[in-house]
Amino acid sequence: MAGAARTPRQGAGRGAGGAVSAQLWIALIVGAAAAAEDLARRRVSNWIPLAAIAAGLAWHAWAGGWRGAGSSAAGVGAGFAVFLIFYLLGGMGGGDVKLMAGFGAVLGLERLLEAALWTAGVGGLFALGVLGFEWLRGRMGRPRASGRVEAIPYAPAIALGAWLSLAPKG
């Protein structure tokens, strides 16, 4: 449609001619940075979710005007709220909560629920993998000295969940 405004939903993933959208690039860069740091240092620095929020708000404002910026801002709040309960219960770090808020800005409110569901599924698979590894380790006579499994870095699951929510469907 000539003259029709582009919405963030239409701009996600691959654009005309197969070009990757700015939204997908932002998600890829933020996710890769957060996952790498969480795996290496077991933390997510504040600059990563802050960069995601700034880039997400800017992209949504460009792609969808005030409505896009509003969706992005709502995504920040919802992304924060989605994982806040897990943080308060001690099951997740604060960096993971802030990272999901950052992805809320990048994805917008409309895609955030899908990303959170993908994240939960991927995180569950990661947890099963770690438990399986620990079980094998115990069967081989090499149990952990402390007797308990370390916390699982969750930024990789959050990044994969966000990326999967941007994957073309159908």
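The values are calculated or read from the model by the stated rules, or taken from the named source; none is laboratory data. Model, not experiment: these values are computed from the prediction. Note: ideal-geometry Cβ built from the backbone for every residue, glycine included; neighbour counts use all protein chains shown. Protein only, heavy atoms only, side chains kept; ligands, DNA and RNA dropped before computing areas. Shrake-Rupley method; radii C 1.70, N 1.55, O 1.52, S 1.80 Å.
Numbers for the structure displayed
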read-out: Pick from segment 65-86, criterion at pLDDT below 95 and more than 14 Å from A162 (Cβ to Cβ), ranking: surrounded by the most Cβ atoms within 10 Å (Cβ to Cβ); value: F86
read-out: Inter-residue pairs, beta-carbon under 7 Å, first of a type in the set (F, W, Y) and in segment 121-132, second in a helix (DSSP H, G or I), 6+ apart; value: F126/A157
read-out: Flag if R137 is basic (K, R) and open to solvent by 90 Å² or more (accessible area, probe 1.4 Å); value: no
read-out: Residues being more than 12 Å from the chain's Cα centre (by Cα) and either in a helix (DSSP H, G or I) or in contact (Cβ under 8 Å) with a residue 60 or more places away in the chain (or both) - total across segment 76-105; value: 11
